[in-house]
Structure formats: C-alpha cells, structure tokens
Amino acid sequence: MPATAIEKISPAEYLEVERKSDIKNEYIEGILLPMSGASWIHTLICSNLIRIIGNFLERQDVTVHGSDLRIAGEGGDKYFYPDVVVIKDDPKFTDEVFDTITNPFLIIEVLSESTESYDRQSPPLRRPGERRQVSGIPFHRKFTGICIGIAG
C-alpha cells in the first residue's frame, strides 16, 4: 500500500492558521506538528527556570518568556514554542502582528524521556549557523544536566 502524502503548507499559511487555532502547532519545512500537553513535573521545571533566570538577570536588558511565545527559525521555514526563551535587547518580530520572535538569545527545552531524542536532533536545539545559546535539560534521569551549545 502506498504511503499517504502529507500536504505541505507555506510559512504564511502556517501563521494564518496558527493565529486562529485553539491549539499550538510547531512548523518544520511545510509540515504542522501538533504540540501535546505537558506533565506536572515538566511545567514545574519550566516555571522554576523562568523565575530563577528572570531573577538572576533582572538588572540586564533581557526578558524571559514561557512556551506561549513563538520563535521563527532562520529562513522562515521553522516555527517553535520553546519551553523557555530569553530575549536580549529589543525583540525583533516577523511582522506587524508582534507574536513571533526572530532574535532569541537563549532557548531552553525541558526534555522528557519520550521527546529527548527528537528535541536534541531537531530545531530549536540544533540550528546550524545561528548564533544563540540553546540548552536541553532532561528531567527523567537521576542526574539532571544541562546541554549548552553556541552555534557559529
């Protein structure tokens, strides 16, 4: 039996659909990826990271955001909702709607056992050519480490 073809949409179509949607979808090269809900421990880790980073950087020219802020990847063919985003200086937006950022300084993903492999191998944790810090924090292991990389 032949495989079912996946209908791809343009970045402009994605943004139009996403801005009207009741659910969040990430977007990679024409394909919508629906986001699932998060566990209690996942949201606890994210909330604590936002608070700790925000407190630590309160005198810096940065803002700290949670997973409701959409980030555009370079080239405009990838859009994500990272768990934690730090923006340095003034935010840069994709358009006049002001809901999609193009200049994150730090991106953090809290990694679960079921998503760690995908998150480490795909954007936003791996973005060749982009100059920003990206971190992945696995919460399903006894020792929680932080993976930090600076592209470029």
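The values are calculated or read from the model by the stated rules, or taken from the named source; none is laboratory data. The structure presented is a predicted model; accordingly, all values stated were derived computationally and were not measured. Neighbour counts are summed over all protein chains in view; Cβ atoms, including those assigned to glycine, are modelled from backbone coordinates with ideal geometry.
Return yes when I107 is at pLDDT below 90, surrounded by 13 or more Cβ atoms within 10 Å (Cβ to Cβ), touching a Pro at 6+ places or on another chain (Cβ under 8 Å) and outside any helix (DSSP H, G or I) and no when it is not.
In short, yes.
Looking at (1) in a loop (DSSP other than H, G, I, E, B); (2) in contact with a Lys or Arg (Cβ under 8 Å, 6 or more places away or on another chain), which is the only condition Y79 fails?
Condition (1) is where Y79 drops out.
When the residues of region 1-27 are narrowed to those that are at pLDDT below 90 and aliphatic (A, V, I, L, M), which ends up nearest to G73 (Cα to Cα)?
This residue is I6.
Pull out all pairs, ordered by first then second residue, where Cβ-Cβ is under 8 Å, the residues are six or more apart or on different chains, the first lies in region 61-81 and is touching a residue at least 60 places away in the same chain (Cβ under 8 Å), and the second is of a type outside the set (F, W, Y) and part of a loop (DSSP other than H, G, I, E, B).
These pairs meet every condition: G76/T94; D77/E29; D77/G30; Y79/G73.
From L57, L69, which residue is surrounded by 13 or more Cβ atoms within 10 Å (Cβ to Cβ), in contact with a strand residue (DSSP E or B) (Cβ under 9 Å, 6 or more places away or on another chain) and modelled with pLDDT under 90?
Residue meeting the stated conditions: L57.
Of the residues that sit in region 1-15 and are more than 19 Å from the chain's Cα centre (by Cα) and touching a residue at least 12 places away in the same chain (Cβ under 8 Å), which one is nearest to E96 (Cα to Cα)?
S10
Please work out which residue is surrounded by the most Cβ atoms within 10 Å (Cβ to Cβ), limiting yourself to region 84-104 and to residues that are modelled with pLDDT of 90 or more and among the acidic types (D, E).
D99
Looking only at region 16-45, filter to residues that are outside any loop (DSSP other than H, G, I, E, B) and aliphatic (A, V, I, L, M); which one of those is farthest from D99 (Cα to Cα)?
I41
R51 - would you say it is assigned to a loop (DSSP other than H, G, I, E, B) and either acidic (D, E) or surrounded by fewer than 15 Cβ atoms within 10 Å (Cβ to Cβ) (or both)?
Answer is no for this residue.
Of everything in region 40-59, what is more than 17 Å from the chain's Cα centre (by Cα) and touching a residue at least 12 places away in the same chain (Cβ under 8 Å)? Give them in sequence order.
I41, L57 - these are the residues of region 40-59 that are more than 17 Å from the chain's Cα centre (by Cα) and touching a residue at least 12 places away in the same chain (Cβ under 8 Å).
Going by what's in this entry, would E13 be described as acidic (D, E) and assigned to a loop (DSSP other than H, G, I, E, B)?
In short, no.
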